Each structure stands twice: as structure tokens, then as C-alpha cells.
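All of the numbers you see were taken from the coordinates with simple rules; none came from a lab. Since the model is a prediction, treat every value here as computed from it, not as a measurement. Ideal geometry is used to build each Cβ from the backbone, glycine not excepted, and the neighbour counts take in all protein chains shown.
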Amino acid sequence: VGAAGGEDADGAVVTVAGLLAGGEGPGRDPEGALELDLLVVLDAPQLDVETAAMLAESLPDGARLVLSGDPGVLWSAGPGKVFADLLSSGFCPRVTSRTPDPGPIGELVSAIGVGELPSVEAPGKEVVIVPVRDAGEAVHRTVQLVADSVPRAIGVSPEQTQVITPGHAGAAGTRALNAALKERLNPGPGRFGGFDPGDRVVYTPAPGRALTGTVVSADAEGLRLEGDGGRMTVPRERVAAGA
């Protein structure tokens, strides 16, 4: 999710959500405007129309707004393509950086952005490309990597590993991968809407906002999770919908 480059009194970068809610950042003046002269928003393509409008309306007169981001990445989960529309309109001054991000990951991102998947030199194993023949082998190799290879090679436990796939459906979608990983890492009957205590899940309470947590229990209200943000409850209807 996009992060606001506004800095609080300690110089720490704050989030867009925290800035708008008043929990982070410099606070607001008596007229309700943010007390700042310059706001830099990183990952600006992640801004939807409503959030971008709230940011713009919160700026005091004379303040400057800088939007930074890669126009080739995925857009916001919410409605609108604010960053793309601003770029295409030509209304705002534009500065283009042609310097790729440093390191193997930066090299890979730059190549993927132009439709290539090169062999990246990564002595520290920041990038490892594992070729497979089909979706079934992709699922098998993913489980093998998470449960065995990654912990053994670089000491990262399954609890610290995040698996990402483009979609929910399909032979290598989230449902297939979650089922295979659960069978290996936390087998159980799935008595809580397909989940058991100890299962790691990602909950999206709102578009563009994803929270990770571990299943603790369930009751009439829904699935109880424990995560970095404390205890959360996923409503029963969201559990059934695969939220």
C-alpha cells in the first residue's frame, strides 16, 4: 500500500492512512489542514480516487505535493487510476528517473517492466528463479521451497515466508497453494470454515489493505485472528467468501 513521504517530528516516514486519520504525521492546523509545506507520496499508483482527493483537500494553501511511482506497476485496488490520469493529462510538471533500483531485485523489476525475465546474478540469493513444467509442479516446488529448501538454505522459517500468486482460481492459484501448504505445514480438518488454529491467513478488510494473522479460534461472530495489529475478527460471511 502506498506510503506517505510526509515526516513526523522524529523524521519517520508515515503511512497515508495514518496521516489522514491523524494518528501519524504532523497533525492539523485549526482550519483542518495538514501542518506541512511539502508532502511526498511514494507508490503513488496505489492511490485511489477517494484517497487522493482527501490528500489534496487536506493540504494547506501554498503546500507542494510530489507524487512518486512506477507507472508500470499495478494500480490501486480501489476505483480510479489517479497517477496514470495525471501523467496522461500533462497538467503537472513531470520528472522521469531512468536509473533502475540497485541490486538484483531492482534489475529483475526493471526487466519485468519491459516484458523480460532474465537470469539475474544474485550471489546473496536475493533472487532465485525456479523453472517448472506446469502448474502442478509449481505447487509442488512451492511447498518444497517453503517447508524445506528456504529454511535450510537461508534460515527463513515457513512462518516468515509469504507466497504470492496472481489469482485465486486455477491449478496454481491461492486456493490450490493454500491447500497444499496447509497439508504440509498445519494439517487439520478445517473445522472453522476450512481453517484450523495455527493457519496463517491474509485478511483484506478493505480494498488495498491486507492484514496477516494466525487463526486462534472461531465463534458465532467469525474467525478470530492474532496478528501484528493485535486481535482481529473476520466476519462469518467474509470467511465463507474467502476474504
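The dipole here belongs to the chain: it is taken about the Cα centre, uses +1 on the Cβ of Lys and Arg and -1 on the Cβ of Asp and Glu, and is about 1040 debye.
The simple spin-label model puts a point 7 Å past each Cα toward its Cβ; for Val163 and Arg64 those points are separated by 4.7 nm.
Which of Lys81, Lys125, Lys182 ends up with the largest GNM mean-square fluctuation for the chain, with Cα atoms connected below 10 Å? Looking only at Lys81, Lys125, Lys182, the largest GNM fluctuation is found for Lys125.
Given a cut-off of under 8 Å on Cα pairs at least six residues apart, what relative contact order in percent is computed for region 193-243?
Values: 86 pairs, mean separation 14.3, N = 51.
Once normalised by length, the contact order is 28 percent.
Between Tyr203 and Leu211, Thr212, Gly213, the built amide H atoms are under 5 Å apart, and every one of these is 5 or more places off in sequence or on another chain.
Give the order of Leu177, Leu145 when sorted by the count of other beta carbons within 10 angstrom, beginning with the fewest. Walk me through the intermediate numbers first.
Details: Leu177 21, Leu145 17.
Going from sparsest to densest Cβ surroundings: Leu145, Leu177.
For region 52-136, the set of GluC sites (Glu not before Pro) satisfying both a DSSP loop assignment and a count of at most 10 other C-beta atoms within 10 Å is given as Glu116, Glu121. Of the residues Ser58, Ser119, Ser76, the one that moves most in a GNM of the chain with alpha-carbon contacts below 10 Å is Ser119. For volume of the Cα convex hull per residue in Å³, the value computed from the atomic coordinates appears in the list (1) 176; (2) 156; (3) 246 under label (1). Only Cα pairs under 8 Å and 6+ residues apart enter the sum, and on that basis the relative contact order of region 3-89 stands at 27 percent.
Based on DSSP H segments of at least four residues, each scored -39500 (n - 2.57), the chain has a per-residue ellipticity at 222 nm of -7500 deg cm²/dmol.
Under a Cβ-only charge scheme (Lys and Arg +1, Asp and Glu -1), can you give me the dipole magnitude of region 193-243 about the Cα centre, in debye to the nearest 20?
Details: 6 positive and 7 negative charges, 31 e Å.
Dipole about the Cα centre, nearest 20: 140 debye.
Suppose a student asked you for the relative contact order of the chain, using Cα pairs under 8 Å spaced at least 6 residues apart; what percent would you report? The normalised contact order for the chain reaches 9 percent.
Projecting the Cα atoms of Ala153, Ala171, Leu20 onto the charge dipole of the chain, computed from C-beta unit charges around the Cα centre, puts Ala171 farthest toward the positive end. Placing unit charges on the Cβ atoms of the charged side chains and taking the dipole of the chain about its Cα centre, the candidate lying farthest along the positive direction among Trp75, Val216, Gly124 is Val216.
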